[in-house]
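To start, the structure itself, in structure tokens.
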Amino acid sequence: MENPEPITYLTQQQAAEIDQLLMTQSGYTIDQLTELAGLSVAAAIAEVHRQSEYKRVLVICGPGNNGGDGLVAARHLHHFGYNVCICYPSRAPEPLYEGLVTQLESLPAPFLSLESLPEELLNFDILVDAIFGFSFDGNPWPPFDDLIRRLASLRENCRGHPKPPTIVSVDIPSGWHVEDGDISGEGIKPDMLVSLTAPKLCAKRFDGPHHFLGGRFVPPSIVSKYELKLPPYPGTSMCVRIGEPTCADQPGVSPPKCIDKSVEADPFVQFQKWFDVASAAGLKYPDAMALSTATKDGKPALRTVQLKKVDRGGFVWCNNYSSRKGSELSENPHASLLFYWSALNWQVRVEGFVQKVSNEESEEYFHSRSRDIQITPTLGIQSIVIPGREVVYQQYKEMEEKYPEGTTIPRPQNWGGYRLVPERFEFWQGDESSVHLRLRYFVQDNDGKMEWRCAE
Ligand SMILES: Cc1cc2nc3c(=O)[nH]c(=O)nc-3n(C[C@H](O)[C@H](O)[C@H](O)COP(=O)(O)O)c2cc1C
């Protein structure tokens with residue numbers, strides 16, 4: 001299909017020339033351009049990933065200008081309400097960068113050393129790759145080669161993780177060739193790319209769900225000299241989306257045409273395949289599932305919970321054991337889960353019985369949450385009538401004071417995980433022709449061996 005609004009993609013040399021022109025004939029300073037670039041990156045992140053859902057951010061900054069953009073983005077994200085950490089292993093000595101470090105330290109936004117970074121980076125919701133930009137050439141060097149390797153292997157390492165961190169690359173996915181892209185095929189595959197000034201040629205090969213342009217400062221003289229075709233920025237926005245977005249949960253976005261006709265013999269493999277597609281489609285809550293429970297005399301109730309983990313043992317979520325669902329499950333362990341991914345028009349129903357996970361597993365889930373979400377269950381307010389919001393805010397404040405940063409918040413004994421062990425699966429795929437696909441799986445006893453059977 002022909003692109004209705006063609007966009008200019010720059011060669012490496014054009015990008016360098018435009019940068020020079022901005023700082024000579026157009027009168028900008030490097031400080032101004034860095035500030036505007038970093039602000040655009042932060043604005044684009046906030047447009048897609050709300051801080052209520054994606055709170056914990058790690059910005060990995062390289063030694064040059066791209067790292068500077070990352071430092072500015074980190075400051076703005078902090079002011080937007082995100083919990084931002086920065087990894088800046090090779091600090092540039094120029095006053096611009098020293099000033100940015102001082103600004104971040106005074107917030108305070110913590111700087112993490114390489115040694116203190118967890119190998120798998122799973123403690124974060126957003127990883128900002130601000131390592132190398134458009135002037136990068138050749139092979140990444142230590143310690144950035146290892147950081148790039150960790151970002152590149154993240155998706156593989158997170159298989160089965162319901163909400164792996166999302167990767168945002170600033171201007172160029174680090175390690176990519178500025179014009180030819182990910183030549184080795186083993187580079188970072190970001191979920192979001194924020195091109196700056198104008199996209200570089202490698203951005204044509206970006207196939208993640210969110211491509212934005214930032215850097216709303218290009219004067220007409222540069223636009224006409226390079227015959228730049230760039231999308232107009234809406235209203236007062238510092239960023240603009242490029243290309244066809246892939247998420248129907250967001251305004252103005254069309255759903256991906258994803259029809260999956262292949263059938264796996266194993267329902268867990270089938271589920272993981274669909275879940276991976278839903279996670280990559282940029283949906284708001286791909287891990288949200290409706291949970292139905294019933295009293296012992298069969299009166300049902302539904303609510304939404306968040307999938308914490310899925311593996312062959314079943315589907316795990318966490319909650320207050322004294323809640324309504326907790327008390328219903330204690331008298332009737334039969335339950336059902338429903339995922340509905342509206343942009344894809346897919347749904348998955350899972351039926352089975354529910355068990356509590358071990359205390360050790362609940363501890364692990366509890367302490368993997370950000371501190372503010374750890375505090376909420378300690379207030380013990382789920383499914384009860386509370387005397388008023390003010391009382392809850394006061395209790396929350398008291399808990400924050402009782403357990404300052406650096407101390408361990410103890411898990412309340414009535415908070416923990418449940419695992420639904422599946423006995424049936426039903427996958428449903430809506431189709432424009434109204435011929436919907438339905439796949440059912442159920443467990444069958446085959447000479448004493450329990451096996452999954454599939455019926456289309
Ligand atoms: C997207 C979304 C995710 C939610 N995730 C959870 C969760 O993981 N655990 C939980 O206890 N409540 C979660 N809730 C809140 C529940 O839907 C529900 O209000 C709460 O658990 C009380 O349910 P109950 O009184 O039926 O036990 C979530 C709500 C939404 C909208």
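The values are calculated or read from the model by the stated rules, or taken from the named source; none is laboratory data. Please read all numbers here as calculations on a predicted model, not as lab measurements. Because the Cβ atoms are built from the backbone with ideal geometry, glycine has one as well, and the counts that use them run over all protein chains shown.
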message: Out of the residues in segment 280-299 meeting the condition of being of a type outside the set (A, V, I, L, M, F, W, C) and part of a strand (DSSP E or B), tell me which one is farthest from the ligand (Cβ to nearest atom).
response: S292
task: Answer yes or no: is there a residue in segment 22-30 that is on the phi > 0 side of the Ramachandran plot, free of Cβ contacts under 8 Å to residues at least 12 places away in the same chain, assigned to a loop (DSSP other than H, G, I, E, B) and not basic (K, R).
output: yes
task: Among the numbered conditions (1) closer than 14 Å to Y365 by Cβ; (2) near the ligand (Cβ under 8 Å from one of its atoms); (3) modelled with pLDDT of 95 or more, tell me where G326 comes up short.
output: (1)
query: Restricting to segment 338-347, what's the tally of residues that are within 14 Å of the ligand (Cβ to nearest atom) and surrounded by fewer than 20 Cβ atoms within 10 Å (Cβ to Cβ)?
result: 3
task: Assess whether D311 counts as being within 10 Å of the ligand (Cβ to nearest atom) and not small (G, A, S).
output: no
field: Hits in segment 115-134 (condition: assigned to a loop (DSSP other than H, G, I, E, B) and either modelled with pLDDT of 95 or more or basic (K, R) (or both))
entry: I131, F132, G133, F134
- prompt: Just to be sure, is A335 within 13 Å of the ligand (Cβ to nearest atom), more than 30 Å from V57 (Cβ to Cβ) and surrounded by 18 or more Cβ atoms within 10 Å (Cβ to Cβ)?
  reply: yes
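A quick yes/no check of all residues on (1) in a loop (DSSP other than H, G, I, E, B); (2) over 20 Å from the mean Cα position of the chain (by Cα); (3) in contact (Cβ under 8 Å) with a residue 12 or more places away in the chain; (4) within 15 Å of the ligand (Cβ to nearest atom):
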site	(1), (2), (3), (4)
V263	yes, yes, yes, no
F275	no, no, yes, no
A278	no, no, yes, yes
A301	no, yes, yes, yes
V316	no, no, yes, yes
- prompt: Given the structure, is V240 away from the ligand (no atom under 16 Å from the Cβ), assigned to a loop (DSSP other than H, G, I, E, B) and at pLDDT 80 or above?
  reply: no
message: Kindly evaluate E47 against the criterion of being out of contact with any Pro (no Cβ under 7 Å at 6 or more places or on another chain) and under 19 Å from I126 (Cα atoms).
response: yes
query: Which of (1) over 26 Å from K204 (Cβ atoms); (2) at pLDDT 95 or above does Q51 not meet, given it meets every other one?
result: (2)
query: So which of V59, V41 ends up being in a strand (DSSP E or B) and touching a Cys at 6+ places or on another chain (Cβ under 9 Å)?
result: V59
query: What is the one condition in (1) part of a loop (DSSP other than H, G, I, E, B); (2) crowded, with 23+ Cβ neighbours inside 10 Å; (3) of a type in the set (A, V, I, L, M, F, W, C) that L147 does not satisfy?
result: (1)
- prompt: Among V354, V350, which is the only one that is among the aliphatic types (A, V, I, L, M), within 14 Å of the ligand (Cβ to nearest atom) and touching a residue at least 24 places away in the same chain (Cβ under 8 Å)?
  reply: V354
- prompt: Just wondering, is there one or more residues in segment 396-404 that are surrounded by 14 or more Cβ atoms within 10 Å (Cβ to Cβ), more than 30 Å from A281 (Cα to Cα), of a type outside the set (D, E, K, R) and in contact with a Lys or Arg (Cβ under 7 Å, 6 or more places away or on another chain)?
  reply: no
field: Selected residue (criterion: nearest to the chain's Cα centre (by Cα)) from residues of segment 197-224 that are surrounded by 23 or more Cβ atoms within 10 Å (Cβ to Cβ) and assigned to a helix (DSSP H, G or I)
entry: A203
query: Does F366 count as within 14 Å of the ligand (Cβ to nearest atom), part of a helix (DSSP H, G or I) and not acidic (D, E)?
result: yes
- prompt: Within the bounds of segment 158-178, is there any residue that is touching a strand residue (DSSP E or B) at 6+ places or on another chain (Cβ under 6 Å), modelled with pLDDT of 95 or more, outside any loop (DSSP other than H, G, I, E, B) and farther than 25 Å from A16 by Cα?
  reply: yes
